[in-house]
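K.L.:
Structure incoming, see below.
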Amino acid sequence: MNNNINLILPKDKEFVERQKKGKALNTIAIVFPILIGIISLAVFLITQAINPTAIRRQQDETINEIAKLQDKKIKFFIVKDRLGNIDSILKNRINFAENINNLLSKTISGVSLVNLDIDNKQVVLTLSSLSLKSLDEFINSLIVMVEKKDTIRSLRLDSLTFNEKENEYLISLSSSL
Amino acid sequence: MIGRVNTDIQSIKIIYNRNKHFLIPFFVILICIGLIVQVIVPQIRTFFKVREEAENASRRLADLKKDLEVLSSLDENMLESQLKITSFALPINKDFGGILSALYSAAQAAGVNVGAFSFQLGDLSKSEEKDAKFPSIELTVNFENDIGAVNNFIDIVGKTLPISDISAVSTDNDSSSVSLLFYYKVLSTSDIQKDERIVPISNDKLSLLDKLNTFNSTLLSNISSEGGELSTLKTTNPFAD
């Protein structure tokens, strides 16, 4: 009699493979929902922890405290607004007094100012003198000012006339500021 | 030609029996994937959104606290005085009285005689001029003085409140005329934003405030040093009591 007869059906390779797969699938099917539950809970808890509701409550409290100082706040804003505007005006303001002083400082003896018209853009000067030399000196000093861009940027001789009655010369000059 | 697959109930039963222990885990995994898509992903999105909101709220709270700190640190009396100076320097409307006060006091300080003058006030009832950045009142003043005295006036009026600007000067030997612009600026609600931060006044603006203070005091000290009294001013100023 042959003793090597095996009555138990042999587990073929495919069967073992399928059993392994089944086990792995079962493990995944158990771990996966647990993992999802943990992740979901963790995310929920973290979200709750960083919830800005408490911060918003503090914000509201601070806003209420600021609102109590509303009067002060408005005054402060008005002061700031006025200062900004005043600064802008003062920065764009032309110093007429200085410009006129600079021009008058160039007048020499023997030359007298007859008329001066000055605005934001130009200055028109009318001067009289008994001597053409004095007028020439004055014009030269103005030319130096133009070259240095000091007060005036250009100089034009508009007219030169002689007043026979007064025996004096009259010149009219215009300059751009 | 497409071949037909012939399956009968028996075959399906065999396949089912062969794989039925895979079915439950398979559906569980499928449901889990569905949960990830439907629950976890939105939860994570919400988390990022809430985190961003929390960061913004924290920033805003910090800003508000700083604002409150600045506001609380402001001295009421000093603020009141700053408001008076700045509002006097640049009135919110056509300050007819302030202009004449400035004009007369500057003339007094400069020692010039104000002759005829003319105002271009425009519509007195209209308080807002939207076109101009800085609406102004133009005033032409005639003086019976030479350019030296008038220039002194120009210098002093430039350091007098309310602030003004010279638009033109015309002079001959005996008389002069000066065109001045006195500015005002309507305070519109848009100038004060509801959520605007309360930033302390910068140093250069504080220097400007000091300068404006000097404008006023220089004028008053000029008058005192030249022997003039404030009472004299009051008698000269038609708007004084």
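The values are calculated or read from the model by the stated rules, or taken from the named source; none is laboratory data. Quick caveat, the model's predicted, so the values are computed rather than measured. Cβ coordinates were reconstructed from backbone atoms using ideal geometry, including for glycine residues, and neighbour counts include every protein chain displayed.
K.L.:
For B:T140, only one of the following conditions fails: (1) under 26 Å from B:L208 (Cβ atoms); (2) modelled with pLDDT of 85 or more. What is its number?
P.N.:
(1)
K.L.:
In the stretch B:143-241, which helices (runs of 4 or more DSSP H) lie fully inside it and hold 1 or more residues that are more than 11 Å from every other protein chain (Cβ to nearest Cβ) and modelled with pLDDT under 65?
P.N.:
The qualifying helices (runs of 4 or more DSSP H) are B:203-225, B:230-236.
K.L.:
Out of curiosity, is B:N113 more than 19 Å from B:F88 (Cα to Cα), touching an Asp or Glu at 6+ places or on another chain (Cβ under 6 Å) and at pLDDT 75 or above?
P.N.:
yes
K.L.:
Then there is this: Check A:I38, A:I30 and return the single one that is loosely packed, with under 11 Cβ neighbours inside 10 Å and more than 40 Å from the chain's Cα centre (by Cα).
P.N.:
A:I38
K.L.:
Say whether the condition of being at the interface with chain A (Cβ under 10 Å from one of its Cβ atoms) and within 28 Å of the chain's Cα centre (by Cα) is met by at least one residue in the stretch B:91-103.
P.N.:
Yes, the stretch B:91-103 contains at least one residue that is at the interface with chain A (Cβ under 10 Å from one of its Cβ atoms) and within 28 Å of the chain's Cα centre (by Cα).
K.L.:
Inside the stretch B:83-106, can you point out the residues that are among the small types (G, A, S) and buried (at least 22 other Cβ atoms within 10 Å of the Cβ)?
P.N.:
If the condition is that a residue be among the small types (G, A, S) and buried (at least 22 other Cβ atoms within 10 Å of the Cβ), then B:A89, B:S101, B:A102, B:S105, B:A106 are the ones that fit.
K.L.:
Looking at (1) more than 28 Å from B:D165 (Cβ to Cβ); (2) touching a helix residue (DSSP H, G or I) at 6+ places or on another chain (Cβ under 7 Å), which is the only condition A:K133 fails?
P.N.:
In the conditions (1) more than 28 Å from B:D165 (Cβ to Cβ); (2) touching a helix residue (DSSP H, G or I) at 6+ places or on another chain (Cβ under 7 Å), A:K133 misses (2) alone.
K.L.:
Could you list, in sequence order, the residues of the stretch B:26-53 that are aliphatic (A, V, I, L, M) and within 43 Å of the chain's Cα centre (by Cα)?
P.N.:
B:I44, B:V50
K.L.:
Residue under question is A:I46, and the condition is that it be within 47 Å of the chain's Cα centre (by Cα), surrounded by 12 or more Cβ atoms within 10 Å (Cβ to Cβ), at pLDDT 90 or above and of a type in the set (V, I, T); does it hold?
P.N.:
yes
K.L.:
Which residue is nearest to B:S164 (Cα to Cα), if the candidates are limited to the stretch A:94-109 and must be free of Cβ contacts under 8 Å to residues at least 40 places away in the same chain and of a type in the set (S, T, N, Q)?
P.N.:
Result: A:N95.
K.L.:
Within the stretch A:70-85, does at least one residue satisfy the condition of being within 13 Å of another protein chain (Cβ to nearest Cβ), more than 30 Å from B:S58 (Cβ to Cβ) and in a loop (DSSP other than H, G, I, E, B)?
P.N.:
For the stretch A:70-85, residues within 13 Å of another protein chain (Cβ to nearest Cβ), more than 30 Å from B:S58 (Cβ to Cβ) and in a loop (DSSP other than H, G, I, E, B): absent.
K.L.:
Same structure again: Taking the conditions exactly as written (farther than 21 Å from B:D210 by Cα and surrounded by 15 or more Cβ atoms within 10 Å (Cβ to Cβ)), does B:L64 satisfy them or not?
P.N.:
Criteria met by B:L64.
K.L.:
Please work out if A:I94 is among the hydrophobic types (A, V, I, L, M, F, W, C), within 37 Å of the chain's Cα centre (by Cα) and in a loop (DSSP other than H, G, I, E, B).
P.N.:
yes
K.L.:
Sort through B:L61, B:L68, B:L74 and tell me the only one that's within 7 Å of another protein chain (Cβ to nearest Cβ), touching an Asp or Glu at 6+ places or on another chain (Cβ under 9 Å) and farther than 16 Å from A:L83 by Cα.
P.N.:
B:L68
K.L.:
Between a residue in the stretch A:25-52 that is within 7 Å of chain B (Cβ to nearest Cβ) and any residue that is among the acidic types (D, E), which pairs come within a Cβ distance under 8 Å, given they are 6 or more apart or on different chains?
P.N.:
As it stands, the answer is A:P52/B:E53, since those pairs meet every condition given.
K.L.:
If you don't mind, another one. Test of understanding: among A:N26, A:N51, which residue is at pLDDT below 85 and in contact with a helix residue (DSSP H, G or I) (Cβ under 8 Å, 6 or more places away or on another chain)?
P.N.:
The unique qualifying residue is A:N51.
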